[in-house]
Structure formats: C-alpha cells, structure tokens
C-alpha cells in the first residue's frame, strides 16, 4: 500500500497489518538490522544487496553481522514468517516496494566527496519507481546531496511530488544498532513536502519509541547527522591537543579531564591513538568540501590533529625504547589491536594501520594481534601475526578491546625482552609501573 499522502496513524496501522512493503538497499551492519526491525513490526521487507553471499545468508535466516546482539533471533523469526527476504535484483525490489530506503556507506576525503554508491542505487530505483512511492536516504549525506537525487529519480518519468523524497539519517553504532533504532534516540526526518513528511514520521514512529524530530527541510536533516560527527571529531581533537600540552607540562590529562568534566558544561573526550571508522573522520570533510566563502578552519585543524596521533604514538614508543637502551631499528614491537575500535571488526581508517606503517619506516620489526582478527588481516596491515609476548621489546595498544584491559601483566613481564608499553587507549593503569614496565600514554607521559 502506498503511504504518500496518508496520516501518520494510518501509516502505523498499515505497517503493523503487513500492508506496506519496504525495500532496504544495503544489507550491511546498519542496513540489515533496520530491515529486520521493520519486518519485526509487521512490514513486508525486501533487502537488496549486490553481494550474493549476503543475500543467500539472509534468505536462509542466517545473520552475518555477529557484532549485533539480538539480531540472530529477529532475523530468523522474520525470514521464517515470510516478512523478510533478500535479493540482488534492485529494479524488481523497487517495483514491488511502497517505501525505498538507501543505507550504504558514503565517504569523503580531502579531495572529493564519494557518493557514487548512492547515485548508482538511485538509478536502479528509478527503473522501478511508481507514483506514490517514497524514497528515503538513511545514509549520512552531505547537506544538499539527497535532493541531488531528484533528477535521477525523475528519469522514471515521474516528477517530485508524484513520489516523495526524504532524509532520515541512521544514528546507530555497531553493537547497539537495534537499541539505537528502536529506543535510544529520536529519529531525525526531513522531507520534500508536508505530505511526505507526515507519512515518513508515521513510518518511523512505528519502530522508534522515542518518536521523530521533524526538520524544516531535507538539508536541515542532513546537517544534523553531519554536525553530530563533526562535534565529536573537534572535541576529540581538543582532548588530544590538551593531552599533548599536559605531557609537556608534566600533568596527567586523564586526571585533569575527569575533574573538569564534573562541571556540566564541560565534556572533554578521551585522548588517544587517533580516530577511525566510516563516520567521525569522514563527516568533517562534508562540511569542508561544501564550504564557499566561510572556510571551516577549526574543523580542518581538528582533522589534522587527530590524523597526527598515530605518529605521536610512535614518538612515545621511541621515547620508551630509548629509556631501556634499545634503538628503534631492529626492535621487536607488538601492536595490540587492528580494528578502529574495540569489539567491532572494522578497519576503515584504523589508527593501527598508520602506526604500523610508521613503525616500519623506522625499521621496526612489527607484529600484531587482535582477538577479532586473523593472521591474514595482520598481513594485510603489513605486520606479522603473534599471539604471545616472547622476545618483544615493546607493546603498543592501539584498540580498546575488553581483552586488553585484563592482560596478565605478570606473565607478560616475564616473557618480554624489554618491558615497554605504549597505551594508546588508556586501558591500563599505574599497576604496570609496579611490575617494572616503562609505561607511556597519550596525555600522561611516564608514570
């Protein structure tokens, strides 16, 4: 049933009764949970993905996004009930759907915005688009980018107004996506007109207990998600810069930050080895690349600071090696953690990659270990896989995996050739010094 032009309460009822078909393009770590949740609330859902192995797994009720607690059961339940299926045929899915959601990664760097996957999906959708359909981008979009899809979608022969267009950015994190979609945050929604906005609000109120925040325009909705990421990047950069200053001044940044954050207007983030992932290091470039007369200097400087932190980790390592009389060249160093954050197997812009590269430039023999990864992953990073601490000169903690917070330091101290630990994620404490380690961390220096 087409929902364009219908009141939100009518939309909710139609979804719950199974009268609305939703196509979700992109069955990744965010798209698959969204598709499963829509189905779990009654909608008929078609998941679209170019990866045949993903489509086959979904149709078999198998969840490949293992980091998402609860998704196994939701996926299995709705596939068995016939409410969720997957396909590689995006045109057919568009023809069958009443609502079409695009949720694939969008990227950017210093040189260009990279939105080709979204544009290619829009071309596919246009070949099956019908009057009364609504197209929604959930991918994080540079402000103004969703509306740039209108000419592509109008290749269907329909004009905007005959179909609706909206932006409802995902506000999710791997590991908590189900809670994020359904209970943690209100949904941001901007639309091409009031009738589309009303219908889309009804759609998301069906699955989100916190409801929706309707925005005045699609562009405003896009800016919300982008600004969330920019805020975090700038805040982390401030924390990193203050941490470096604390190192020079002989202060413990973590102690100082914790005390400062007891004031409700202060929210200094944790300094560390760098910023990774698809989101925080990417969204600032949306703002920078779209700037015209007002160049966002602060945002650009924040990016430079955060990108410099892997190099600072290596500087701390060299300082630590010097303290035990070991030259960097020929030393043996184990990097703990390859993923960009703990508990998630994702390598996009992981600081570990730059740390390993910098260490090798210094002539260090680099080993790596990550509880979520394999020897093949380590080799891709340019490191040799190692699961013990024997004959090492130093250890660099690059990722905040829970496992690293419970290392058997007494055993490690006996195995290592020299006891140097560089803690890029503040997972250890002063106890390491009592065991004879040279311990250096961002914003702390030597304890």
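Here are the numbers for the structure shown:
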quantity: Some residue of the range 233-248 being surrounded by fewer than 19 Cβ atoms within 10 Å (Cβ to Cβ), modelled with pLDDT under 95 and out of contact with any helix residue (DSSP H, G or I) (no Cβ under 9 Å at 6 or more places or on another chain); calculated: yes
quantity: Elements of type helices (runs of 4 or more DSSP H) contained in the range 1-63, each with 1 or more residues being more than 21 Å from residue 73 (Cα to Cα); calculated: 8-16, 52-59
quantity: Set 376, 403: member being free of Cβ contacts under 8 Å to residues at least 12 places away in the same chain and part of a helix (DSSP H, G or I); calculated: 376
quantity: Failed item in (1) out of contact with any helix residue (DSSP H, G or I) (no Cβ under 8 Å at 6 or more places or on another chain); (2) surrounded by fewer than 17 Cβ atoms within 10 Å (Cβ to Cβ); (3) under 20 Å from residue 419 (Cβ atoms), with residue 360 passing the rest; calculated: (3)
quantity: Scope the range 85-108; condition within 23 Å of residue 127 (Cβ to Cβ), touching a strand residue (DSSP E or B) at 6+ places or on another chain (Cβ under 9 Å) and outside any loop (DSSP other than H, G, I, E, B); matching residues; calculated: 85, 86, 87, 90, 92, 93, 94, 96, 99, 100, 101, 102
quantity: The range 408-447: number of residues that are part of a loop (DSSP other than H, G, I, E, B), touching a strand residue (DSSP E or B) at 6+ places or on another chain (Cβ under 9 Å) and farther than 19 Å from residue 270 by Cβ; calculated: 5
quantity: Residue that is surrounded by the most Cβ atoms within 10 Å (Cβ to Cβ), among those in the range 151-188 that are part of a helix (DSSP H, G or I) and under 27 Å from the mean Cα position of the chain (by Cα); calculated: 177
quantity: Residues that are over 14 Å from residue 192 (Cβ atoms) and touching a strand residue (DSSP E or B) at 6+ places or on another chain (Cβ under 8 Å), drawn from the range 146-166; calculated: 156
quantity: Residue match in the range 121-130 (condition: under 24 Å from the mean Cα position of the chain (by Cα), at pLDDT 95 or above and surrounded by fewer than 24 Cβ atoms within 10 Å (Cβ to Cβ)); calculated: no
quantity: Extreme residue, farthest from the chain's Cα centre (by Cα), among residues of the range 290-307 that are in contact (Cβ under 8 Å) with a residue 24 or more places away in the chain and surrounded by 15 or more Cβ atoms within 10 Å (Cβ to Cβ); calculated: 290
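The values are calculated or read from the model by the stated rules, or taken from the named source; none is laboratory data. In this text, all values refer to a predicted model and were calculated from it rather than measured experimentally. With ideal geometry, Cβ positions are generated from the backbone for all residues, glycine too; neighbour counts draw on all protein chains shown.
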